[in-house]
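I have placed the structure first, in the form of structure tokens, so that the comments after it can refer back to it.
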Amino acid sequence: MSELTFEQMLEDSIKTIHAGEVVEGTVIDVKTDEIVLNIGYKSDGILTKNEYTNDSSVDLTTVVKPGDTMEVKVLKVNDGEGQVVLTYKRLAADRGNKRIEEAYNNKEVLKATVSQVLEGGLSVVVDEVRIFIPASLVSDTYEKDLSKYAGQEIEFVISEYNPKRRRYIGDRRQLVAAQKAELQKELFERIHEGDIVEGTVKNVTDFGAFIDLGGADGLLHISEMSWGRVEHPKKVFKVGEKLNVLIKEISGSKIALSLKFDDANPWKDAASKYAVGNVVTGKVARMTDFGAFIELEPGVDALLHVSQISKEHVDKPADVLSVGEEVTAKVVDLNEADRRISLSIKEMYAPEPSEAVEESDEDVVPVDIDAVIAAQEEE
């Protein structure tokens, strides 16, 4: 019986390995782009940065140090130079696949940082498994620009799991929708008509502004933005601005808002300020063929009929007045219930002695009151 040589005994004492095997190794050297491990084999194992992680910015010297132990997977027993080629990320991906499969089956909510913002969606990595979240599944509303999600930690569920095609699809939209539904439920349980609540301007349109109340949006119509006249909502509000609003009406899931607070109602003292016979001053706000509307204060307009502008005959208000001009006139009628005031400049002047006490029928200018009221309401 022949005796074994020292070399044969040494070789027999060293374990054999094969491609695909998972082994444990001890780090004996670390460079910025390579890790050398003792895996108990006759040759050391080489783990490159590309096989450690998908993150090209990682410096390996900052994540491992000599003496650390780690499990790796054998890619090649001999790379042609006698070295064993190892991988860490593929082993992690194998285990990650199992993790993703469990999350998919259990409908588990996962959390990860957005690693890439792509043209069609977001990319995240969970346990070395890359998951794609399409733009249509990022939120419950369409978002054209997804750049705000870069580097942001988000929650999602796995909606599609196909390891054979390496297709892993995440869905954030259903979580956002569920969260909003819960917030909306809490909001409607808390608010009532007449409440004053804080909101944030979410969007501004030609006809009003949508206010985020923290669970649902309310509409602040242009007609409810002020007791006075608002030329355009965009000149008054900016997206992101916070303001206190009055809940005017709740109808199903719709919320109508207002900034017309009762304590600021300019009509509350109208009976005394604009009593018949009072002389008032205002500015011409707008004109029609039958008269001019005088703004006495924001939210209070009065009609100065063309027949009451002057003792002389006036064909059209624009012949003698201009928008923005300040005028002084006497209140000749006050309808507080309908919020209508009629003015007269002519009534401010006493008749000349030579004038007839009574006007003839030919001098009376007929006024269609219904037409005037209708025109005022249209304004």
Hits in segment 100-150 (condition: of a type outside the set (A, V, I, L, M), under 21 Å from Lys164 (Cβ atoms) and in contact with a helix residue (DSSP H, G or I) (Cβ under 7 Å, 6 or more places away or on another chain))
Asp127, Glu128
From Val331, Val284, residue being in contact with a Pro (Cβ under 9 Å, 6 or more places away or on another chain) and open to solvent by less than 60 Å² (accessible area, probe 1.4 Å):
Val284
Kindly list, by first and then second residue, each pair from a residue in segment 61-77 that is farther than 11 Å from Thr87 by Cβ to a residue that is charged (D, E, K, R) and open to solvent by less than 70 Å² (accessible area, probe 1.4 Å), limited to pairs with Cβ atoms under 7 Å and residues at least 6 apart or on different chains.
Pro66/Asp29
Scanning segment 229-249 for residues that are in a helix (DSSP H, G or I) and either open to solvent by less than 70 Å² (accessible area, probe 1.4 Å) or modelled with pLDDT of 95 or more (or both) gives Pro233
Take Arg166 and tell me if it is among the basic types (Lys, Arg) and either open to solvent by less than 30 Å² (accessible area, probe 1.4 Å) or over 17 Å from the mean Cα position of the chain (by Cα) (or both).
yes
Can you tell me which residues in segment 33-54 are in contact (Cβ under 8 Å) with a residue 60 or more places away in the chain and either farther than 25 Å from Val114 by Cα or out of contact with any helix residue (DSSP H, G or I) (no Cβ under 6 Å at 6 or more places or on another chain) (or both)?
Asn54
Here are some conditions: (1) surrounded by fewer than 16 Cβ atoms within 10 Å (Cβ to Cβ); (2) farther than 22 Å from Val126 by Cα; (3) touching a strand residue (DSSP E or B) at 6+ places or on another chain (Cβ under 6 Å). Glu71 meets all but one. Which one does it not meet?
(2)
hydroxyl-bearing (Ser, Thr, Tyr), open to solvent by less than 70 Å² (accessible area, probe 1.4 Å), farther than 30 Å from Glu101 by Cβ and touching a helix residue (DSSP H, G or I) at 6+ places or on another chain (Cβ under 9 Å): which single residue out of Thr200, Thr205 fits that description?
Thr205
Qualifying residue in segment 172-195 (condition: open to solvent by 80 Å² or more (accessible area, probe 1.4 Å) and part of a loop (DSSP other than H, G, I, E, B)):
yes
In segment 288-306, what residues are open to solvent by 10 Å² or more (accessible area, probe 1.4 Å) and within 13 Å of Ile341 (Cβ to Cβ)?
Glu295, Leu296, Glu297, Gly299, Asp301, Leu303, His305
Just to verify a result, which residue in segment 25-76, among those that are polar (S, T, N, Q) and part of a loop (DSSP other than H, G, I, E, B), is farthest from Ala92 (Cα to Cα)?
Ser43
Hand me the list of strands (runs of 3 or more DSSP E) wholly inside segment 87-162 holding 1 or more residues that are farther than 29 Å from Lys73 by Cβ, open to solvent by 70 Å² or more (accessible area, probe 1.4 Å) and not small (Gly, Ala, Ser).
153-162
Six or more apart or on different chains, Cβ atoms under 6 Å: show the pairs whose first residue is in segment 92-108 and within 16 Å of Met70 (Cα to Cα) and basic (Lys, Arg) and whose second is open to solvent by 70 Å² or more (accessible area, probe 1.4 Å) and in a helix (DSSP H, G or I).
none
Is there a residue in segment 221-228 that is open to solvent by 30 Å² or more (accessible area, probe 1.4 Å) and aliphatic (A, V, I, L, M)?
yes
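The values are calculated or read from the model by the stated rules, or taken from the named source; none is laboratory data. Note that this is a predicted model, so its numbers are computed, not measured. When we count neighbours, we look across all protein chains shown, and the Cβ atoms used for this are built from the backbone with ideal geometry, even at glycine. When the accessible area is computed, the model is the full protein with side chains, heavy atoms only, and any ligands, DNA or RNA have been set aside. Shrake-Rupley method; radii C 1.70, N 1.55, O 1.52, S 1.80 Å.
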